Structure formats: C-alpha cells, structure tokens
Amino acid sequence: MGSDDSYEFTDYSLDQEQLEYIEEVLDDDLIQAGVHSVLLIDMAGNIIAQKDNGHCDHDVYSLAALASANFAAVDTMAKIVGEEEFSLLFHKGENENIHFSKVHSEFLLITIFGKDVTLGLLRLKVNEVVEKIRGLWE
Amino acid sequence: MAFVNMKTKEVQAKIVFYGPGRGGKTTNLEYVYSKFRERIKTDMVSIKTHGDRTLFFDFLPFDIGKIMGYDVKIQLYTVPGQVKYNATRKLVLKGVDGMVFVADSQRDKREKNHESLKNLQENLAAYKKSIFKIPLVLQYNKRDLKETPLMPIEMMEKDLNKQLKAPSFPASAITGENVVPTLKKIISLTMASLQNVMK
Ligand SMILES: Nc1nc2c(ncn2[C@@H]2O[C@H](COP(=O)(O)OP(=O)(O)O)[C@@H](O)[C@H]2O)c(=O)[nH]1
Ligand SMILES: [Mg+2]
C-alpha cells in the first residue's frame, strides 16, 4: 500500500498533501465565506476533514454518522421512485441550516451555516469546493 | 472501510451489532455507554419508533485511546432487527470493519437467529464482503433468563458457529455479563485486520 505519510481506506487513498489541500480549500472557500462548520465525510460516516469558525461545539462524529445514513436513505428513496439522485439536500432551521453535497461516490460534503450566508452563495461556494476536491482524482 | 489518518494519527473504525429483533443489540450499547460514561463525551444517538424499537440505528462513538501510536475511535452501531427494516439495515453495514452477532438464547428464537445470520451473510455479500472473512464475534445473549427455556451453548454453537468458527461468548446485556469481553474481542480482531495500514 501507500507510503508512510499517506492515509488509506480500502477503496482509495489520499496522501498528506492532498489532505492539507482539502483542509485549505474548506477553510478558504467556505469558512472564510461565513460558513459556521464544514465536514468532509465518507459514506461509512468517517470524518475525512473538518473545519469550523472556532465558535461551534458540535458533536461531529454523531453528525457524520447521521449525515451519511440520512444521505444513504434519501439516495435509496430516489432510486425507489426512479430517480438517479435528488440533487439538493438542504435543511432549514431558525438559526442554523445544513446542506449536503455529494462529492463523488464515496465522499459527502456537509456545510452548516447561518443567516449571514444565502443559499445561493452557499451553493456556488460548495460547487467550487466540490470541483476542487474532485480534481484530486483527475 | 476504516479510516486511517496518518496526519492526525487517528483511526476511525465501524463495528456493527447485528442479530434478530429484540435480541439485545441496543441493550449491549446501552450497557457500554453506562459502563464507560466518563470516556464517552457525547450522547448515544438512537433513531427509534414510539414503541422504543430501533428504526434505523443506534450510534455510540467510543474513544479507546492509543494503539500503536494511533488515537483509535471506534464507532459502534446497531441495526434494526425487524425483518421489514432490511433496506435501512443494509445501509448501516456500509463500510463496516467488524461485526458482533447478538443471538437470542431463548429456545423459541432458534429460527430467528438462523434467519438473521443468513440475512447478514446476504447483506454483506451485497457489499462484496464475506461473513467468513470479516472480523466477527458471536454473542449468545440473555443467559440470565430463568423463566423461559434457553438453548444449551453447544446447541447454539452447532447452529450458528459450526462453519464460522468465530470467537463466541455467552452473555447477558442486561446484567452486563460478558458484554465488555465481547466488545474487547471484536475491537482486537478489527484492529488486527487493520494492522497492514497502521504502520
Ligand atoms: N433478560 C434479559 N433481557 C434482555 C437482555 N438483553 C436484552 N434484553 C431485553 O430484550 C428486549 C429487547 O432488547 P433490545 O436491546 O431492544 O433488542 P434489539 O432489538 O436487539 O436492539 C428489551 O426488553 C431488553 O430489556 C438480556 O441479556 N437478558
Ligand atoms: Mg435495537
């Protein structure tokens, strides 16, 4: 398998540089844009990378477990009604909102943001981030 | 599909408790949660019905400290045991690294144990995983019951473990007997299977 400074899964791997790049992108493109907290997780519910604005104290492991399960459930519902997938997954709250975006078959990006970021801006930023992360495999 | 992060020196692995409905999977996690309360900083997450049956899963993150220089985080899950919930049960198996099969020792649950083990084998196969290869521990639960007739351990071994030859424990999730040994065993098997990536 890979070199000492890489981390691995059974299905694919990323090296340390790629991980640092991902963290940088999450920070620059999302946290700096006003997003409260962002998680990159895999479909098994493991956390790949995480960034927040320093004012969040979420239970990120539970969040990741629930998000991956929720995403998988919605994805299965899509298949049952004959859709390939439902593209927008978004939950709106009084103060906090949560947005899910599939990066590729194994990764999911979860963003938590408040009133100071519009859904339009968020989707734009998330799309940019997703493209950059996908670029790691191209 | 454990996640080994060489940068933060952290390992996340997923262990799933499987078995027939009402066999004691949730009770196992509740015992672990109460026993290691000081180590588990978050609440146990349970998605259940009004009747207190597991609807999707229970989730308990369990920080077991350092192994080979890695901070090891074990994510414990249970599946819903009821037959009708197979779609969600299958989703919980995604990326599983180790399994505990919780069998119900009551004599009238013999067939249910069988069905559930067979269902596990099928669901693992859907992820291209073999029940013979994945780290697996069997638990013969509810040994404390006095009112209802229980199957002898030898019978359960023969029924469920003849080919699997997995480590097994008679246990009581209610009293806690052999709950922690079951957990320790599956953690050590799971960690052993990850050794080639944790160097
Ligand atoms: N006597 C006894 N009852 C148990 C034991 N483990 C679970 N139970 C009971 O069996 C029922 C079902 O347990 P639960 O953990 O919800 O089963 P699950 O469907 O596998 O999650 C509950 O009423 C538990 O209190 C055990 O070891 N001994
Ligand atoms: Mg349960």
Write down the percent of antiparallel bridges among all DSSP beta bridges whose residues are both part of the protein assembly as shown, to the nearest 5. 65 percent
Only Cα pairs within less than 10 Å get springs; with that Gaussian network setup on chain B, which residue of B:Tyr77, B:Tyr85, B:Tyr33 has the largest fluctuation? B:Tyr85
Gap in Å between the Cα centre of the stretch B:1-80 and the Cα centre of the stretch A:44-110? 19 Å
In this model, which of B:Lys25/B:Lys112; B:Lys133/B:Lys162; B:Lys84/B:Lys185; B:Lys118/B:Lys146; A:Lys51/B:Lys9 are farther than 22 Å apart at the alpha-carbon? B:Lys84/B:Lys185; B:Lys118/B:Lys146
Suppose accessible area is computed on protein heavy atoms with a 1.4 Å probe; arrange B:Met151, A:Met43 from highest to lowest. A:Met43, B:Met151
Might you tell me the accessible area per residue for the stretch A:21-137, computed with a 1.4 Å probe and given in Å²? 46 Å²
Charge dipole (the protein assembly as shown, unit charges on Cβ, about Cα centre) - positive-most of B:Val72, A:His99, B:Ala173: B:Ala173
Taking only protein heavy atoms and a 1.4 Å probe, the highest-to-lowest accessible-area order of B:Leu136, B:Leu189 is B:Leu189, B:Leu136
Once you charge only the Cβ atoms, +1 for Lys and Arg and -1 for Asp and Glu, what is the size of the charge dipole of the protein assembly as shown about its Cα centre, to the nearest 20 debye? 1840 debye
Set of the stretch A:106-138 residues, backbone N closer than 19 Å to the point 7 Å along the Cα-Cβ line of A:Asp28: A:122-138
Provide the buried accessible surface between chains A and B in square angstrom, both chains summed, 1.4 Å probe, rounded to the nearest 100. 2400 Å²
Round to the nearest 10 and report in Å² the accessible area of B:Lys162, as given by a 1.4 Å probe over the protein chains' heavy atoms. 130 Å²
With r as the distance between the Cβ atoms of B:Thr175 and A:Lys115 and R0 = 51 Å, compute the FRET efficiency 1/(1 + (r/R0)^6) and round to 0.05. 0.50
Using the crude model of +1 on Lys and Arg Cβ and -1 on Asp and Glu Cβ, and no other charge, please compute the dipole size for chain A relative to its Cα centre, in debye to 20. 740 debye
Which residues does a label at A:His104 reach in the stretch A:123-137, if reach means a backbone N under 19 Å from a point 7 Å past the Cα toward the Cβ? A:126-137
Under a Gaussian network model of chain A whose springs join Cα atoms within less than 10 Å, the largest fluctuation of A:Lys102, A:Lys51, A:Lys115 belongs to A:Lys115
In the stretch B:59-166, GluC sites (Glu not before Pro) in a DSSP loop with at most 12 other beta-carbon atoms within 10 Å: B:Glu147
Note: B:3-15 gets an average of partner chain Cβ contacts (10 Å, Cβ to Cβ) equal to 6
Counting partner chain Cβ atoms within 10 Å of every residue's Cβ in A:59-67, what's the average? 5
For B:Glu10, tell me the accessible area in Å² from a 1.4 Å probe, rounded to the nearest 10. 30 Å²
With springs only between Cα atoms under 10 Å apart, run a GNM on chain B and tell me which of B:Lys112, B:Lys94, B:Lys66 wobbles the most. B:Lys66
Per the 1.4 Å probe, what fraction of the accessible area of chain B, in percent, lies on carbon and sulfur atoms? 53 percent
Across 5 Å bins from the origin, how do the percents of Cα pairs in chain B run, short distances first? 1, 8, 17, 20, 22, 16, 10, 4, 1, 0, 0
In units of 2.2 N^0.38 Å, the Cα radius of gyration of the protein assembly as shown is 1.03
Taking the Cα centre of chain A as the origin and placing charges on Cβ (Lys, Arg +1; Asp, Glu -1), which of A:Ile112, A:Leu136, A:Val38 is farthest toward the positive end of the dipole? A:Ile112
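The values are calculated or read from the model by the stated rules, or taken from the named source; none is laboratory data. Computed from a predicted model, the values in this text were never measured in an experiment. Here the Cβ is made from the backbone with ideal geometry for all residues, glycine too, and neighbour counts use every protein chain on show. These accessible areas exclude ligands, DNA and RNA; they are computed on the full protein's heavy atoms, side chains included. Shrake-Rupley method; radii C 1.70, N 1.55, O 1.52, S 1.80 Å.
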